[in-house]
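Attaching a single structure in structure tokens format; questions to follow.
The values are calculated or read from the model by the stated rules, or taken from the named source; none is laboratory data. This structure is a prediction, so every number in the text was calculated from the model and none was measured. Virtual Cβ from ideal backbone geometry, glycine too; neighbours counted across all protein chains shown. The protein model used for the area step is the full one, side chains on, heavy atoms only, and it has no ligands, DNA or RNA in it. Shrake-Rupley method; radii C 1.70, N 1.55, O 1.52, S 1.80 Å.
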Amino acid sequence: MSAISRDEVAHLARLSRLALTDEELDLYAGQLDSILSHVQVITEVAADVPATASPNPTANVTRPDVVVPGLSPDEALSGAPAVDEQRFMVPQILGEGE
């Protein structure tokens, strides 16, 4: 028994606003039936296989968090070409009203 009929293909074509000829309806009905049959076979074969994103087990490689001293504001700004109130100064790229 076919999984999809010519009438169902015509209905799907109308819903999709596709103009198909009678030959195309017959062709696509056969192709869609073949695709659905293959999907059914795959579904039956893979029924007991658990879903997974990768066949290989993976583990996240991390390092321990170690607190280290950072730069003081003066040290961080020491190489800046322009500074204003302990902030980096950069050229304005947008107009005043933007």
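Could you grab the relative contact order for the chain? Cα pairs under 8 Å, six or more apart, rounded to a whole percent. Intermediate values should be presented prior to the final figure.
Working: 30 pairs, mean separation 16.4, N = 98.
The value is 17 percent.
Which whole-angstrom value gives the distance between the alpha carbon centres of region 12-38 and region 40-60?
Using only Cα atoms to place each centre, the spacing works out to 30 Å.
Nothing charged except the Cβ atoms of Lys and Arg (+1) and of Asp and Glu (-1): what's the magnitude of the dipole of the chain about its Cα centre? Round to the nearest 20 debye.
It comes to approximately 200 debye.
Expressed as a whole percentage, what fraction of the accessible surface of region 1-62 belongs to carbon and sulfur atoms when a 1.4 Å probe is rolled over the protein heavy atoms?
Reported share for carbon and sulfur atoms: 59 percent.
Right, another one. How would you classify the chain from its alpha-carbon gyration tensor, with a ≥ b ≥ c the square roots of the eigenvalues: rounded for a/c under 1.5, else prolate if a/b is greater than b/c, otherwise oblate?
Numbers: a/c = 7.77, a/b = 2.12, b/c = 3.67.
Cα axes put the chain in the oblate bin.
Taking amide H positions as placed 1.01 Å from N in the peptide plane, with prolines and chain starts having none, which residues 5 or more places from Val83, or on another chain, fall under 5 Å of its amide H?
HN-HN under 5 Å from Val83: Met89.
Among Glu85, Glu44, Glu23, which one moves the most in a GNM of the chain with springs linking Cα atoms closer than 10 Å?
Top of the fluctuation ranking is Glu85.
What list of ³J(HN,Hα) couplings, whole Hz, do you get for region 14-27 from phi and the Karplus terms 6.51, -1.76, 1.60, once you set θ to phi - 60° and write x for glycine and proline?
Those phi angles translate into 5, 4, 8, 6, 9, 8, 10, 6, 4, 5, 5, 4, 5, 4 Hz.
Same structure, new question: Using a 10 angstrom cutoff on alpha carbons, build the Gaussian network for the chain and name the most mobile of Gln86, Gln31, Gln40.
Residue with maximal mean-square fluctuation among Gln86, Gln31, Gln40: Gln86.
Enter the accessible area per residue of the chain (Å², integer; probe 1.4 Å; all protein chains in place).
Using a 1.4 Å probe on heavy atoms only, each residue of the chain averages 93 Å².
While we're looking at this one, here's another question. Mean residue ellipticity at 222 nm from the helices of the chain, using -39,500 (n - 2.57) per DSSP H segment of n ≥ 4 over the full residue count, to the nearest 500 deg cm²/dmol? Present the calculation step by step, with values, prior to reporting the outcome.
Numbers: 3 runs with 39 residues, N = 98.
After summing the helix terms and dividing by residue count, I get -12500 deg cm²/dmol.
Which of these, Ala80, Ala29, Ala59, has the largest mean-square fluctuation under a Gaussian network model of the chain (Cα springs below 10 Å)?
For the chain, modelled as a Gaussian network with Cα springs under 10 Å, the answer is Ala80.
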